[in-house]
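Input: a single structure, listed below in structure tokens.
Nothing in this text is a laboratory measurement; each read-out follows from the coordinates by a stated rule. No experiment lies behind these values; they were computed from the predicted model shown. A quick note on method: Cβ atoms are made from the backbone with ideal geometry, for glycine too, and the neighbour counts reach across all protein chains shown.
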Amino acid sequence: MTYHLPAGKALGGPYIVDITPEKAGWGHSSLRILELPPGGTHSFETGESEWIVVPLSGGCTVAAADDFSQDTFELRGRPDVFSGVSDFAYVPRDARATVTSAAGGRFALTGARCSRRLPARYGPASDVPVELRGTGNCSRQVNNFGAAGVFECDKLIAVEVITPGGNWSSFPPHKHDEHRPGEESVLEEIYYFEFAGHDGTPGLGYQRVSPSGQGQGTDVLAEVRDGDVVLIPDGWHGPSMATPGHHMYYLNVMAGPEADRAWLICDHPDHAWVRDTWPNQPVDPRLPLYTAPETSA
């Protein structure tokens, strides 16, 4: 199994990234990245998965239809992932979704196989909690648009993480590959990366995943660039390292077989002590890069 998929290696149909449970060799999590030209449109059947459509660049209209009704949501979006929080749309399973963009753009379709059919909904950018996690060179920003306890889904968990250049995130290394009620949940995870360039030079970073003794023994040490994907069926994941001078963005998509939708993690015992140092250090002054707008207008 290949866990690091450089840009262009996960193409599928109209998508520049097309990760399905079948392609990943697991049961739940999906990610598609859709690029649309000005005036472009794309439709897909949601099947047995629920989806959140979140603009990475540009805005779009999302329509969710079934045999009885149609809901349409206008997403204002954003210029890019480093400039602001985006609004988003939830599309339920057993529906037909249509994404249309007057000016064109790039859109993430985050999905998870699920049982319950929830209503289609709009998620305003103003309702997205922006969390600062860690301190010092472990500081990062988390946009919790699709986090458990923030936005209702059946199985899907999706968040965005921005790591300032030179910092480490997803640290201390952690895992979620064992069912331990109240302590750890089983979640398949997808990382999708983008980087801020500097004077025309593209950014890059590094991603580590090490075996935890569970599952497939996932082992990754990858140089990651714009559009790369890392699949994490199991294992300790972290750090995610941003090279100096280049902010790193990654989109996390998670889902699993647990009855409760929860992000319960276990820190690597060799590095868990790092959390104890955070109260003694300031948060990186570059954060937050931005906050959620006060209103959705």
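Things to note:
- Gaussian network model of the chain, springs between alpha carbon atoms under 10 Å - residue of Ala24, Ala242, Ala259 with greatest fluctuation: Ala259
- Choice from Gly111, Gly13, Gly227 with maximal GNM fluctuation in the chain (Cα, 10 Å cutoff): Gly13
- Placed amide H near Ala292: partners under 5 Å, 5+ positions off or other chain: Val130
- Theoretical ellipticity at 222 nm over the chain - DSSP helices of four or more residues, -39500 (n - 2.57) apiece, nearest 500: -500 deg cm²/dmol
- Couplings 3J(HN,Hα) of segment 104-118, computed from phi: x, x, 10, 9, 9, 10, 9, x, 8, 4, 8, 9, 7, 9, 8 Hz, in residue order, whole Hz [Karplus 6.51 cos²θ - 1.76 cosθ + 1.60, θ = phi - 60°; x for Gly and Pro].
- Relative to one another, the C-alpha centroids of segment 122-144 and segment 230-297 are positioned 9 Å apart.
- Each Cα pair under 8 Å and six or more residues apart adds its sequence gap; the mean of these over the residue count of segment 156-217 is a relative contact order of 20 percent.
- Ignoring lysines fewer than eight residues from Lys175 along the same chain, the ones with Cα atoms less than 19 angstrom from its Cα are Lys155.
- Sites excluded, GluC sites (Glu not before Pro) in DSSP loops with at most 15 other C-beta within 10 Å, longest stretch of the chain: 184-293
- Neighbourhood charge, 11 Å Cβ-Cβ cut-off, centred on Trp236 and excluding it, Lys, Arg +1 and Asp, Glu -1: -3
- Other-chain or far-sequence residues with amide H under 5 Å of Gly105's (modelled H): Leu36
- Neighbour net charge for Leu34 - beta-carbon separation under 12 angstrom, K R +1, D E -1: 0
- When the alpha carbon coordinates of the chain are projected onto the principal axes, the ranges are 54, 43, 36 Å, largest first.
- Summed residue charge, Cβ within 11 Å of Pro181's Cβ, Lys/Arg positive, Asp/Glu negative: -4
- In loop segments of segment 71-171 as defined by DSSP, the trypsin sites (Lys or Arg not before Pro) with at most 11 further C-beta atoms inside 10 Å of their C-beta are Arg116.
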